[in-house]
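Visitor: Pasting a structure here, questions to come.
The values are calculated or read from the model by the stated rules, or taken from the named source; none is laboratory data. A quick note: this is a predicted structure, and the numbers were derived from the prediction, not measured. Note that each Cβ is placed from the backbone with ideal geometry, even for glycine, and that neighbours are counted across all protein chains shown. Just the protein is used for accessible areas: all its heavy atoms, side chains included, with ligands, DNA and RNA removed. Shrake-Rupley method; radii C 1.70, N 1.55, O 1.52, S 1.80 Å.
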Amino acid sequence: MGNSFESVTVDIADHIAQVTLIGPGKGNAMGPAFWAELPVVFGELDADPDVRAIVLTGSGRNFSYGLDLAAMGETLGSMMAGGSSSKPRADFHARLKAMQQAITAVADCRTPTVASVHGWCIGGGVDLISAVDIRYASSDAKFSVREVKLAIVADVGSLARLPYILTDGHLRELALTGKDIDAARAEKIGLVNDVYPDAEASLAAARATAAEIAANPPHTVHGIKDVLDEQRTAQVSASLRYVAAWNSAFLPSKDLSEGVTAMFEKRPPNFTGE
């Protein structure tokens, strides 16, 4: 596999592939290249018999700021301007399904995935780590299911997969408030397995776990993932279909415009329920 990707680098050695988010948006934000490239990357890695485990991390100071709103603004803007026409909603629904599939490509990968999170992991970043098998964090990591603060129902994986990771009350607290939590809190509620002093130590732990997995018989490892995934695949798929339809119907709102505008203007939003 070459490193001809705009949103990630891929390095393979000793049966382990390291996928590193590189943006190009600030804070490894998820723009058009990310959504297009992620299923290609994980499809190729899944098909490579030499790769027995995958480590996922971010470059620079953060894991990911989440959706690159500046780069993806056209997707939301065309829907907001659609009026009574059904085409913008249908186009948005198709785009959203494709974005969901990008994260699902990570979840469906037969090769085990281990995430190492440092710095911010916001919105789409949480969607992404909810699709991996094992999560580690550095002590400076911060997490937020922040979509509610933009008047958006999280729709590419968090609300579908976090119910299998967190208890219901903890998930609802994160999703309904949009609050930030630190690494210690994330470990306490089970969002991450362990916390390490810094990004380097977290990544080393992720690579060590990946090496342990890679030393095991690969077909058996695939089987374990397949059996574990079978318990939730149908429910996750149904949740993703439902939220895609819900957001295609209800996402355009004055509150959405206010939430996005307030974020760019760095001021508190004033939501009116319109």
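Visitor: Search region 20-43 for residues that are without any contact (Cβ under 8 Å) to a residue 60 or more places away in the chain and more than 14 Å from Gly123 (Cα to Cα) and pair each with any residue that is open to solvent by 20 Å² or more (accessible area, probe 1.4 Å) and among the β-branched types (Val, Ile, Thr) when their beta-carbon atoms are under 7 Å apart and the residues are at least 6 apart or on different chains.
Guide: The qualifying pairs are Thr20/Thr9; Ile22/Thr9.
Visitor: Only one residue in Thr261, Thr272, Thr233 is polar (S, T, N, Q), more than 23 Å from Ser139 (Cα to Cα) and out of contact with any helix residue (DSSP H, G or I) (no Cβ under 9 Å at 6 or more places or on another chain), so which one is that? Step through it out loud before you land on a result.
Guide: On the way: Thr272 fails: out of contact with any helix residue (DSSP H, G or I) (no Cβ under 9 Å at 6 or more places or on another chain); Thr233 fails: out of contact with any helix residue (DSSP H, G or I) (no Cβ under 9 Å at 6 or more places or on another chain).
Just a single option satisfies the conditions, and that option is Thr261.
Visitor: Exactly one of these conditions fails for Asn3: (1) surrounded by 18 or more Cβ atoms within 10 Å (Cβ to Cβ); (2) more than 30 Å from Glu265 (Cα to Cα); (3) at pLDDT below 95. Give me its number.
Guide: All conditions pass for Asn3, except number (1).
Visitor: Sticking with this structure for a sec: For region 130-183, give me every one of the strands (runs of 3 or more DSSP E) that falls completely inside it and has 1 or more residues that are open to solvent by less than 30 Å² (accessible area, probe 1.4 Å), under 19 Å from Leu228 (Cβ atoms) and of a type in the set (D, E, K, R).
Guide: Once the strands (runs of 3 or more DSSP E) in region 130-183 are filtered for at least 1 residues that are open to solvent by less than 30 Å² (accessible area, probe 1.4 Å), under 19 Å from Leu228 (Cβ atoms) and of a type in the set (D, E, K, R), what remains is 134-138.
Residues are listed down the side, and each one gets a yes or a no for (1) touching an Asp or Glu at 6+ places or on another chain (Cβ under 7 Å); (2) at pLDDT 95 or above:
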{"residue": "Ser7", "(1), (2)": "yes, yes"}
{"residue": "Ala29", "(1), (2)": "yes, yes"}
{"residue": "Ala36", "(1), (2)": "no, yes"}
{"residue": "Val41", "(1), (2)": "no, yes"}
{"residue": "Ala70", "(1), (2)": "no, no"}
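Visitor: What residue, among those in region 90-129 that are polar (S, T, N, Q) and closer than 21 Å to Leu69 by Cβ, is surrounded by the fewest Cβ atoms within 10 Å (Cβ to Cβ)? Break it down into steps so the answer makes sense when it comes.
Guide: Keep residues of region 90-129 that are polar (S, T, N, Q), which gives 100-101, 104, 111, 113, 116.
Adding the requirement that they be closer than 21 Å to Leu69 by Cβ leaves 100-101.
On the way: Gln100: 22, Gln101: 15.
Of everything passing the filter in region 90-129, Gln101 is surrounded by the fewest Cβ atoms within 10 Å (Cβ to Cβ).
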